[in-house]
Structure formats: structure tokens, C-alpha cells
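Throughout, read-outs are computed from the coordinates displayed, never taken from laboratory work. From a predicted model like this one, the values you see are computed outputs, not experimental measurements. Counting neighbours? That spans all protein chains shown, and the Cβs are built from the backbone with ideal geometry, glycine included.
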Amino acid sequence: MLKFNEIKVGDFLVADNDGDPMAGEVTQLNGNEKQVCVDTGAQEFWYELNQLSALSITDDQLMELKFHKEVTADGKVKYSKGAFRMFTPGVDDFSKLEIWYRDEHRHIYEPIQLHQLQNHFYEMTKVHLNRDSFDV
């Protein structure tokens, strides 16, 4: 289950509207009611936490977010977006991440979801990671 305090405006989540799950971007938060407004492209609507789920990190999503991909000689994968770098153990293996931006370096030893990666990216770069974000 998602934690309300982990959700930020700009995060990508899946919103379930009466059995019809659609991926969308968080546009607003209501801390009093613990509700999240998500724009799925078809509509913008307020959801309860139990109607939301996380998206897993995938290579396709990172490409949509304009990351550049390089497979190293040892089989690791390096994703970069400007000065932000991320290493994964292998192709389509996001079980552990090593991320860094300038002099800040983080090791993540368990799988995280896409919105959590977006939050790490923002904390480190002060730029929201979405389809419109530029190289940092």
C-alpha cells in the first residue's frame, strides 16, 4: 500500500477507477482528506489511497523519461539524464540501484517503485522527473 507522505506532485501512479486502472500523473494532494488528484490523460480525478498503486521501474519507462542507456562490458546498465546517473545490476534488473548526482551518492539495496525514484531524483537535483523534464 502506498504511503501518503511518499506521494509528491508529478509522481506517476496507477489510479483504479471502478476496475479500470490507468497510469497517470499526480497533479494535487489533499493532506486533510489524504486524497490524491491524478491526471490519467482521459480525466483528472481525486482518488483515495486504496484506489492507487505504484508503477514498477522498467526500461521502457526510463526511456520515456528521456534517460540514456548504456550496457557496460560487465553487463551492468548505466542510465543517465544529464549529470544524474543510475547503475543497475543488469538489463531489466532493478533489484538494486546505485544513483548519484554530482557529489551525492546513494545505494538502494531493495527494489523501489517509479514514484520513489522520482522522489530521489527530485531530492538530489531539485528538478521533477517527468516526461517534460530536461537534462540536469
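Couple of notes before you dig in:
- Choice from T58, T125, T72 showing the highest fluctuation, given a GNM over the chain with Cα pairs closer than 10 Å: T72
- Ranking of V14, V26 by count of other Cβ atoms within 10 Å, fewest first: V14, V26
- Residues whose amide H lies under 5 Å from that of L129, counting only those 5 or more places away or on a different chain, are Y122; hydrogens are built 1.01 Å from N in the peptide plane.
- Stretch gain in nm, segment E110-N5, where the contour uses 0.36 nm per residue and the Cα spacing is subtracted: 35.9 nm
- Those trypsin sites (Lys or Arg not before Pro) in the range 48-136 that DSSP places in a loop and that have at most 15 other beta carbons within 10 Å: K66, K76, K96, R102, K126, R131
- Listed residues V38, M124, N17: farthest to the positive end of the dipole of the chain (Cβ charges): M124
- Summing Cβ point charges (Lys, Arg +1; Asp, Glu -1) relative to the Cα centre of the range 4-53 gives a dipole of roughly 160 debye.
- Within the set (i) 47, 28, 26; (ii) 39, 32, 26; (iii) 47, 42, 25, the number that Cα extents along the principal axes in Å takes when calculated for this structure is listed as (i).
- As a rough footprinting exposure proxy, the listed residues H115, H68 were ranked by other beta carbons within 10 Å of their own, and the order from fewest upward is H68, H115.
- Greater than 26 Å apart at Cα, pairs in K8/K66; K8/K96; K34/K96; K3/K96; K96/K126: K34/K96
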